[in-house]
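S.K.: Please find one structure pasted underneath; my questions will follow.
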Amino acid sequence: MAAAEFAEDGDALFVLTAAMLTPERFPGVLGDDYPAACAGLGLAPLDAGYGLVFGQDGTGARWTVASTDAAMVACALAAWDCGLEYDLSPEEVSIAASLPGWPVPVAVAAPGVPEPYDPDEAAAGRPPLTPPDSSVWGAAQRRLGADEIAVHWRDWRDQVAGPEDTADPRTGSEPGPEPGPEPGPDSAADAATDSARSAAPAPSHPGVRRALAAAEGYLRQVPPAGRVRTAHGALRADGPGWSLVARIDDMAFVLLDEAPGEVLPVGRGPSLPPLLEALGRLAAAPARTTAVTTS
């Protein structure tokens, strides 16, 4: 897409790309839920959410602008996804914060703008935001890996057993995938999951059963907004130390902080389908305050 430009505090910002930060849609790398993602950026968790605009100023410095005009950013993203041009120019009155750096990898470059760099911390008033280090494993990398699986669900699904798989996740008998050749990582997000791809097949792990039990607990006590949501057609659930990615009519994958680089497949069996169906209803009604049962 072509870089857009708008003025903020008298300086031109060349817009490279954008992302949503709402209860239903936010970069998982920022937190396990929407309030946590907002807190990491120093923002109040508004019900309507924000649009995050990633760009550079005229010197090349990286900036992340949070706009309360989430609808405009959503329109821009939809247009760009369709290959259409969209001049993303948030009004100054809608700008909630201008933060140094980028919290996610940005591969788009603006022609004629110097190489990107992080603004000086003292001048910016806070440490610059940076994408997670893909050479280590932790909560951010775990969530980033889960986001990548949601985007490339079919690729991951093709690596594991076929539809006849009936392993019950509560027994720990998860099926192992059959890894095939994978392309090299072309982004920090791909690098974060490259080791996970090469780690399959994964053995049974007790953390899988703990993650499923924690997810089931969300049906009895509604979690913070965004803890269970849909992303790229997949069901996403997160909690302290774990992430789950699934298709409601199919199987699931679990990633754990305690299992660096591993993607643990969970077969449907008899217990997974009702859990996924109930989590799907919870994701479709993020504002509800009563538990969703599996019956």
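The values are calculated or read from the model by the stated rules, or taken from the named source; none is laboratory data. Just so we're clear, the structure is a prediction, and the values are computed from it rather than from any experiment. Cβ sites come from the backbone with ideal geometry, for glycine too, and all protein chains shown count toward neighbours.
S.K.: For segment 96-157, list the helices (runs of 4 or more DSSP H) that sit wholly inside it and hold at least 1 residues that are closer than 30 Å to residue 254 by Cβ; which are they?
M.R.: 139-151, 153-157
S.K.: Follow-up question, since we're still on this one. Exactly one of these conditions fails for residue 151: (1) surrounded by 18 or more Cβ atoms within 10 Å (Cβ to Cβ); (2) among the β-branched types (Val, Ile, Thr); (3) at pLDDT 75 or above. Give me its number.
M.R.: Of everything listed in (1) surrounded by 18 or more Cβ atoms within 10 Å (Cβ to Cβ); (2) among the β-branched types (Val, Ile, Thr); (3) at pLDDT 75 or above, residue 151 misses just condition (1).
S.K.: I'd like the full set of residues that are of a type in the set (Val, Ile, Thr) and in contact with a Gly (Cβ under 8 Å, 6 or more places away or on another chain), limited to segment 224-248.
M.R.: 230, 248
S.K.: Would you please name the residue that is surrounded by the most Cβ atoms within 10 Å (Cβ to Cβ), looking only at residues in segment 32-47 that are under 23 Å from residue 148 (Cβ atoms) and touching a residue at least 60 places away in the same chain (Cβ under 8 Å)? Before the answer, list the steps.
M.R.: Narrowing segment 32-47 to residues under 23 Å from residue 148 (Cβ atoms): 32-34, 36-38, 40-41.
Checking which are touching a residue at least 60 places away in the same chain (Cβ under 8 Å) leaves us with 32-34, 36-37, 40-41.
On the way: 32: 22, 33: 22, 34: 25, 36: 17, 37: 27, 40: 14, 41: 18.
That would be 37.
S.K.: Restricting attention to segment 263-277, report how many residues are touching a residue at least 60 places away in the same chain (Cβ under 8 Å), of a type outside the set (Val, Ile, Thr) and out of contact with any Gly (no Cβ under 9 Å at 6 or more places or on another chain).
M.R.: Looking only at that region, the number is 7.
S.K.: Also: Is segment 80-101 home to any residue that is buried (at least 17 other Cβ atoms within 10 Å of the Cβ), at pLDDT below 85 and of a type in the set (Val, Ile, Thr)?
M.R.: Within segment 80-101, not a single residue is buried (at least 17 other Cβ atoms within 10 Å of the Cβ), at pLDDT below 85 and of a type in the set (Val, Ile, Thr).
S.K.: Right, another one. Kindly provide the set of residues from segment 63-84 that are within 12 Å of residue 15 (Cβ to Cβ), outside any helix (DSSP H, G or I) and either over 21 Å from the mean Cα position of the chain (by Cα) or not small (Gly, Ala, Ser) (or both), ordered by number.
M.R.: 63, 64, 65
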